[in-house]
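The structure appears right after this line, and notes come after that.
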Amino acid sequence: MRILLAGLALLSTVALPHSTVDGVWRTVGYGQLVQVSGGKLSTYDVTKVSCLPGSLSGTGDGTTFATNEGSVVTIRPGAMTFDDNLGVRSLRRVPGGLPRECRVPANELSTFDVFWHTFAENYPFFRAKGVDWQSEGDAARREVAAHPDRLYDVLCGLIRPLHDAHVALSAPGQHCASPRPGTPDPGKTVPRAIAVADANLGVPTRTWAGGALAYADLPGGLGYLRITGFHDYAGTFAESSKILAKALDEIFTPGHQRSGLILDLRVNGGGDDPLGLQVAARLTDVPHYAYAKRARNDPDDPSRFTVAQPFFVQPAVAPRYRGPLAVLTGNLDVSAGETFLQALLNRQPRPVLIGQSTQGAFSDTLDRALPKPGWTVSLPNEEYLDPHGRTYDGTGIGPDLPVPVFAPDDLAAGRDPALALARRVLGR
């Protein structure tokens with residue numbers, strides 16, 4: 001399946017000399033410099049107080065680069081695209097090239113400053129989260145200045161009130177995150193949840209992509225499809241897309257009749273949005289709006305964003321299912337699992353959502369290295385909008401039919417009330 005933005009087809013077909021993109025570019029939003037030179041791509045993460053080497057690099061023909069992260073990046077004058085990511089990132093040429101020195105001292109105060117500015121200049125949700133980042137940062141910096149040995153605890157204390165599953169701090173031997181209150185530990189919950197769901201199906205499942213996709217035909221003509229993630233099916237995004245396409249061909253075999261389909265996203269840990277749209281394209285006969293995406297683009301104003309880029313679900317030229325759909329949701333459905341669900345909300349017939357609200361963390365993440373060796377931070381900088389310009393960040397997408405999802409008592413007793421309700425709803 002190919003999802004195209006207006007103008008993206010033109011960008012991808014115009015052949016340009018390599019020299020037209022050599023040089024240094026600044027992204028509009030995303031806090032990044034991109035250097036292209038001699039068939040190599042390098043990135044640098046920048047704030048008002050810092051410039052540090054980024055994690056993304058690549059080699060290629062001067063405009064198209066295979067990256068160290070398994071994606072393919074294409075650079076055109078004024079535009080940057082990723083095969084594993086949706087949208088066009090606008091670029092502005094930097095006439096003077098890179099700053100003279102792209103490094104900062106690796107001490108506690110410099111690490112604090114880069115951390116604080118990275119959020120201050122990119123994070124969009126301070127007001128929604130009720131956090132005064134400026135005043136909190138002023139107090140925290142004073143504490144770090146007085147007690148440098150408390151740096152990790154101070155930084156962790158700053159992000160905990162955000163309750164954002166896409167925010168995390170890592171240091172050697174330590175990791176700090178703060179998902180929405182009430183979120184269970186995935187490492188402890190997911191294996192038991194899958195085992196309980198499988199036991200309640202009453203029939204064996206077939207699996208693909210290392211178990212990320214599981215399917216079973218249920219009595220009464222129902223189908224059950226569980227997707228636990230949209231990432232790392234293979235070493236590159238292109239290969240992952242091929243694996244997913246083959247699995248969907250086998251699941252949605254032409255001529256296979258189903259009276260309804262249960263789609264289980266309750267433990268979907270996210271991944272690549274294009275893979276979610278690839279599945280959504282197998283669940284419709286009619287094009288429909290998925291969402292629009294925009295990124296914060298003003299380091300001084302969290303309310304300013306890039307122009308929202310819309311995306312649509314286009315029916316796949318491949319086996320599809322178009323009948324009644326019940327989707328199981330919960331707070332372990334996060335990131336690309338949530339954008340996939342959002343892409344189904346305008347499907348006809350509309351799916352019935354059963355369970356609990358999703359996590360409420362839709363954006364791609366900015367993954368940044370901090371000055372102290374081995375210290376990194378992740379944060380979101382984007383919004384995914386519905387047709388009315390609203391975002392589900394923070395709140396998540398709520399169910400039509402609320403029912404407990406993987407409650408400890410249910411897991412202990414081997415019960416799956418959400419699955420049972422979906423079977424009743426589709427069996428009517």
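For this structure, a couple of remarks:
- Once the stretch 363-375 is narrowed to residues that are of a type outside the set (Asp, Glu) and within 13 Å of VAL167 (Cβ to Cβ), the residue that is surrounded by the most Cβ atoms within 10 Å (Cβ to Cβ) is SER363.
- Scope the stretch 220-261; condition surrounded by 15 or more Cβ atoms within 10 Å (Cβ to Cβ), touching a Gly at 6+ places or on another chain (Cβ under 7 Å) and more than 22 Å from VAL72 (Cβ to Cβ); matching residues: LEU222, THR228, ARG258, GLY260, LEU261
- From the list PRO324, PRO349, PRO302, the lone residue that is surrounded by fewer than 24 Cβ atoms within 10 Å (Cβ to Cβ), in contact (Cβ under 8 Å) with a residue 24 or more places away in the chain, touching a helix residue (DSSP H, G or I) at 6+ places or on another chain (Cβ under 8 Å) and more than 28 Å from VAL28 (Cα to Cα) is PRO324.
- Among the conditions (1) farther than 18 Å from THR365 by Cα; (2) of a type in the set (A, V, I, L, M); (3) in contact (Cβ under 8 Å) with a residue 12 or more places away in the chain; (4) not in a loop (DSSP other than H, G, I, E, B), ALA195 misses just one, which is (3).
- Of the residues making up the stretch 277-305, those that are more than 30 Å from GLN257 (Cα to Cα) and among the acidic types (Asp, Glu) are ASP298, ASP300, ASP301.
- Qualifying residue in the stretch 88-111 (condition: under 24 Å from the mean Cα position of the chain (by Cα) and closer than 24 Å to GLY396 by Cα): no
- Residue in the stretch 60-83 that is closer than 19 Å to ASN122 by Cβ, hydrophobic (A, V, I, L, M, F, W, C), surrounded by fewer than 20 Cβ atoms within 10 Å (Cβ to Cβ) and at pLDDT 95 or above present: no
- Only residues that are part of a helix (DSSP H, G or I) and at pLDDT 95 or above were counted across the stretch 211-226, and they come to 1.
- Residues of the stretch 168-192 satisfying the condition of being surrounded by fewer than 10 Cβ atoms within 10 Å (Cβ to Cβ) and part of a strand (DSSP E or B): none
- THR205 surrounded by 17 or more Cβ atoms within 10 Å (Cβ to Cβ) and more than 23 Å from THR339 (Cβ to Cβ): yes
- Counting only strands (runs of 3 or more DSSP E) that sit wholly inside the stretch 246-339, those with at least 2 residues that are closer than 23 Å to LEU419 by Cβ are 260-264, 325-329.
- The strands (runs of 3 or more DSSP E) located wholly in the stretch 56-120 that include 2 or more residues which are over 30 Å from GLY235 (Cα atoms) occupy 89-93.
The values are calculated or read from the model by the stated rules, or taken from the named source; none is laboratory data. Bear in mind the structure is a predicted one, so any value in this text is a computation, not a measurement. Note: ideal-geometry Cβ built from the backbone for every residue, glycine included; neighbour counts use all protein chains shown.
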